[in-house]
Amino acid sequence: MTFTVRAPAKINLHLGVGAPREDGFHPLLTVYQAVGICDDVTASRSAGWSLGVSVPDWMDADLVPVTGDNIVDRAARLLADHHGIDAKAEVSIAKTIPIAGGMAGGSADAAAALVALDRLWGVETSDEDLLRIAAELGSDVPFALIGGTALGTGRGELVEPVADDETWWWVAVVNPEGMSTPAVYRHFDELNPDADPQPPDADDLLAAVAAGDVHGLAATLRNDLQEAAFDLRPDLSDVIDLGHREGALRGIVSGSGPTCVFLADSADSARAVATAFTEDGHDIVMVTHGPVAGAHVVTYV
Ligand code: C5P
């Protein structure tokens, strides 16, 4: 028996960051949106545990840890331990989500693996337990399970769905050189030594989403990590400027970067913005839309 589960990348429409907590994590108030750039995780029955990864041509396979320390290895161990069974499966990840790109690709892999292995092992984990195990694996993993558009609080792991009937068009400009999320958060602390413990709210953005108002959404997109990301990688502000010149309604750094995402008012204008980036020499440019579903089974064999 084989299960393939697909899980989406995320964009933070709003990433409000507060002063670090005692455990070192930052309190967040974030609005996530799952977009149609996805990784697939396939799990089959096996006498032992193995994990393989395949990547598209433009991605550097060496960046994926496959030494027993991939987040999928840890997901399998946590799920197996929860049920008191051995973690046996042959698992492969087919990646499309940029590695270390600020789009939660590792989190998507973990969420997809949890769903695939739950099915493969027939252990019927409750939604509550699956979300709890997901939160142990990383702040963004619960969102990768539920997908859609959602409000995230805590360190990002407490998620509640937000009604969103619109289709929003995005262009993702991927940077070949990834960024370290902890480094960006550390630099945020250096730049904001007096940050409020309470992260800023997203009320205006949520009103724009509820109204399906693309110009309102463009005006209220916010990423508190962007200044730190620009400081560490000054080239990113040029990318944002180019998108604005080429007709995107608004561009922001995705999460901790370095992927930059641009909101467009239609599929056609998203494609026009993407073409402009390609002509400017950016090799990896994707047109996508959101919201899309969280981790879900796509094949049963
Ligand atoms: O939870 P996750 O493993 O994705 O977090 C990766 C790193 O990002 C953490 O070790 C921490 O340095 C930083 N982080 C943070 N505050 C958050 C989420 C992540 O400081 N709310």
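The values are calculated or read from the model by the stated rules, or taken from the named source; none is laboratory data. Small disclaimer: the values here were computed from a predicted structure and weren't measured. Glycine gets a Cβ as well: all are built from the backbone with ideal geometry, and neighbour counts include every protein chain shown.
Name the single residue, out of those in the range 25-49 being hydroxyl-bearing (S, T, Y) and crowded, with 17+ Cβ neighbours inside 10 Å, that is farthest from G154 (Cα to Cα).
The residue in question is T42.
The listed residues are L225, L232, and the only one of them that is under 27 Å from T96 (Cα atoms), within 16 Å of the ligand (Cβ to nearest atom), surrounded by fewer than 20 Cβ atoms within 10 Å (Cβ to Cβ) and at pLDDT 95 or above turns out to be L232.
Can you tell me which residue in the range 71-121 is farthest from the ligand (Cβ to nearest atom), limited to those that are free of Cβ contacts under 8 Å to residues at least 40 places away in the same chain and aliphatic (A, V, I, L, M)? Per the stated criteria, the residue is I85.
Condition test on E22, is it surrounded by fewer than 21 Cβ atoms within 10 Å (Cβ to Cβ), farther than 20 Å from R132 by Cα, within 15 Å of the ligand (Cβ to nearest atom) and among the acidic types (D, E)? In short, yes.
Selection of the range 38-85 for residues being polar (S, T, N, Q) and closer than 27 Å to T259 by Cα yields T42, S54, T67, N70. Would you call V171 of a type in the set (V, I, T) and either within 16 Å of the ligand (Cβ to nearest atom) or surrounded by fewer than 16 Cβ atoms within 10 Å (Cβ to Cβ) (or both)? In short, no.
Taken across the range 50-70, residues that are within 16 Å of the ligand (Cβ to nearest atom), closer than 22 Å to R119 by Cα and out of contact with any Asp or Glu (no Cβ under 6 Å at 6 or more places or on another chain) do occur, with at least one present.
Only residues that are within 16 Å of the ligand (Cβ to nearest atom) and either of a type in the set (D, E) or part of a helix (DSSP H, G or I) (or both) were counted across the range 174-192, and they come to 11. Just for the range 135-150: of the residues that are under 20 Å from Y185 (Cβ atoms) and not in a helix (DSSP H, G or I), which one is nearest to the chain's Cα centre (by Cα)? Per the stated criteria, the residue is D140. Taking only the range 82-113 into account, find how many residues are farther than 16 Å from A34 by Cβ and either surrounded by fewer than 19 Cβ atoms within 10 Å (Cβ to Cβ) or not basic (K, R) (or both). Residues in the range 82-113 being farther than 16 Å from A34 by Cβ and either surrounded by fewer than 19 Cβ atoms within 10 Å (Cβ to Cβ) or not basic (K, R) (or both): 16 in total. The sole residue among S269, S256, S237 that is part of a loop (DSSP other than H, G, I, E, B) and among the hydroxyl-bearing types (S, T, Y) is S256. Can you find a residue that is of a type in the set (D, E, K, R) and either crowded, with 23+ Cβ neighbours inside 10 Å or touching a Leu at 6+ places or on another chain (Cβ under 8 Å) (or both) anywhere in the range 244-252? Yes: one or more hits. Answer yes or no as to whether E124 is more than 16 Å from the ligand (Cβ to nearest atom) and either within 11 Å of the chain's Cα centre (by Cα) or in a loop (DSSP other than H, G, I, E, B) (or both). Yes: the conditions hold for E124.
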